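*Asks:* First the structure, then my questions, so here it is.
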Amino acid sequence: MDRRTFLTAALAAAAAPALRSDNSPLWGGPVLDTHLHLRRDPDACFTHIQGCGVTNAVLLTRAPDEAKAMEEMKRRPGHFVRSVSANPAEAGGVDAIHAALKQGAVSIGELKYHLALDSPEMGRVYDVAAEMNVPVMVHIQTYPHFNGELPYNTGYEHFDKVLRAHPKTNFLGHGDLFWAHISADVPTDRAYPLGPIKPGGLTDKWLSEFPNLYADMSANSGNNALSRDPEFSRGFLERHQDKLVFGSDCSCTDGHGGGISQNNNPEAARLAGKCVARETLALTQRLASPTVFRKATWENGTRLFRPHFS
Ligand SMILES: [Zn+2]
Ligand SMILES: [Zn+2]
C-alpha cells in the first residue's frame, strides 16, 4: 500500500461509525447481516433486525440515498454501517462510489447492473475497491425472474480471470447463478436448481483457489443452495468457513416473515411467509459447528467489512 492509499484508507476507517456488538437474544452472539437493503422508511430496517435477532447490519444504499442511510445510522447508533452502489456505466457512477467510501461507506454493493463481470466499467469499480480496501458485492443472475428481465453481471463462467486480474480486490459473490454453480451441473432452465449437488462446481472450486473470493449467503439463492443437499453443505461450510458471510436480503416487515416477502419472484415461493434471515441462520446453525456458525454470522463479515467497534 503506498502512502496515499494508506492515508485514504485510514481516513475512511476514521469516518466509519462505531458498532455495538451486543449478543443476540436468539443466536448466542452478535450477528451481522451484510445484506439488508435500505427501506423506504429506513427505520423499518431496525424493526427487521430486532424481529429476527440480528444485532447489526450493513445497509445496502444507492448513492442518492446516502443521507437517508446516515440519518438512520444516527437514529440507531451502533447498529448500522452502510454500503454504496451506483451504475459504473453511467456518468459520475464511479465517482459517486469513490466519494461515498471517503465519507465512511464500508463496502460497494450490491452491484446489480446489466454489465459483464469483465467489462471495463466493472473493472474501474474493482480498482476503487482495492484502493479503498473495501469488498465489492456482485449480483450474478442470468435466468429471468419475470418476463423480459435482462441478465446481471454476465460471464461468471470466466470469473476466474477477473479474480486473477484483481488480486487486491475482495469479491463477494451473490445471486442465483453464483449459487447454482455450487454444483458442477447447472441447468439453464431455472434459477434455483434443487436436489443433490455434483461435486466440482465453479463456486466451490474458486472459493478454495482464490483468497479474494467470498460468498454472500443471502436471499433464496443462498438458502436454497445450502438446503438442497445437507450432507454436501456440511462439508462446504467446513471447507469455506473463513469465506462465508451471512446476509439476509430479506424483505419481510417484522423479522418473522410478515408482509410480502419474495414478491416479483414466484420461483422463490419456498420462502414466502418466512423470514430469510431466520431461515438461513437456523439452517447454518443446524449444519455447522458453533465455531463455524460464529465465523459465518459475525467474524468473517466484520473482518471483511471492517466496521469500527465501540
Ligand atoms: Zn441481489
Ligand atoms: Zn425477514
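Laboratory data are not the source of any read-out in this text; all were calculated from the coordinates shown. These numbers come from a predicted model, not from an experiment. Because the Cβ atoms are built from the backbone with ideal geometry, glycine has one as well, and the counts that use them run over all protein chains shown.
*Asks:* Check whether at least one residue in region 18-28 is among the aliphatic types (A, V, I, L, M), crowded, with 22+ Cβ neighbours inside 10 Å and under 21 Å from residue 170 (Cα atoms), and report yes or no. Before the answer, list the steps.
*Replies:* Initially, region 18-28 is screened for residues among the aliphatic types (A, V, I, L, M), giving 18-19, 26.
Among the residues that remain, those that are also crowded, with 22+ Cβ neighbours inside 10 Å are: 19.
Adding the requirement that they be under 21 Å from residue 170 (Cα atoms) leaves none.
No.
*Asks:* Given 83, 107, which one is of a type in the set (S, T, N, Q), closer than 16 Å to residue 305 by Cβ and out of contact with any Phe, Trp or Tyr (no Cβ under 7 Å at 6 or more places or on another chain)?
*Replies:* Details: 107 fails: out of contact with any Phe, Trp or Tyr (no Cβ under 7 Å at 6 or more places or on another chain).
The match here is 83.
*Asks:* Taking region 211-240 as the region of interest, how many residues are among the hydrophobic types (A, V, I, L, M, F, W, C) and within 16 Å of ligand 2 (Cβ to nearest atom)? So that I can check it myself, show each step before the final result.
*Replies:* First, pick out the residues of region 211-240 that are among the hydrophobic types (A, V, I, L, M, F, W, C): 213, 215, 217, 219, 225-226, 232, 236-237.
With within 16 Å of ligand 2 (Cβ to nearest atom) added as a condition, the list becomes 217, 219.
Counting residues in region 211-240 that are among the hydrophobic types (A, V, I, L, M, F, W, C) and within 16 Å of ligand 2 (Cβ to nearest atom) gives 2.
*Asks:* Quick check on region 181-227: of everything there that is touching a Leu at 6+ places or on another chain (Cβ under 6 Å) and aromatic (Phe, Trp, Tyr), which residue is surrounded by the fewest Cβ atoms within 10 Å (Cβ to Cβ)?
*Replies:* It comes out as 210.
*Asks:* Follow-up question, since we're still on this one. Tell me which of these residue 56 doesn't satisfy, since it passes every other one: (1) more than 16 Å from ligand 1 (Cβ to nearest atom); (2) more than 17 Å from the chain's Cα centre (by Cα); (3) in contact (Cβ under 8 Å) with a residue 40 or more places away in the chain.
*Replies:* Going through (1) more than 16 Å from ligand 1 (Cβ to nearest atom); (2) more than 17 Å from the chain's Cα centre (by Cα); (3) in contact (Cβ under 8 Å) with a residue 40 or more places away in the chain one by one, residue 56 breaks only (2).
*Asks:* Quick one: residue 252 ticks every box in (1) touching a strand residue (DSSP E or B) at 6+ places or on another chain (Cβ under 8 Å); (2) within 14 Å of ligand 2 (Cβ to nearest atom) except a single one, so which number is it?
*Replies:* (1)
*Asks:* Please indicate, with yes or no, whether at least one residue in region 187-210 is over 30 Å from residue 132 (Cβ atoms) and within 16 Å of ligand 2 (Cβ to nearest atom). Quick ask: steps written out before the conclusion?
*Replies:* So the first thing to find is which residues in region 187-210 are over 30 Å from residue 132 (Cβ atoms), and the list is 187-201.
If we keep only those that are within 16 Å of ligand 2 (Cβ to nearest atom) too, we end up with none.
No, that holds for no residue.
*Asks:* Also, quick follow-up: How do the pairs read when you match residues in region 34-48 that are touching a residue at least 24 places away in the same chain (Cβ under 8 Å) and within 15 Å of ligand 1 (Cβ to nearest atom) with residues anywhere that are assigned to a helix (DSSP H, G or I) and aromatic (Phe, Trp, Tyr), using Cβ under 8 Å and keeping only pairs 6 or more apart or on different chains?
*Replies:* Close Cβ pairs satisfying both conditions: 34/305.
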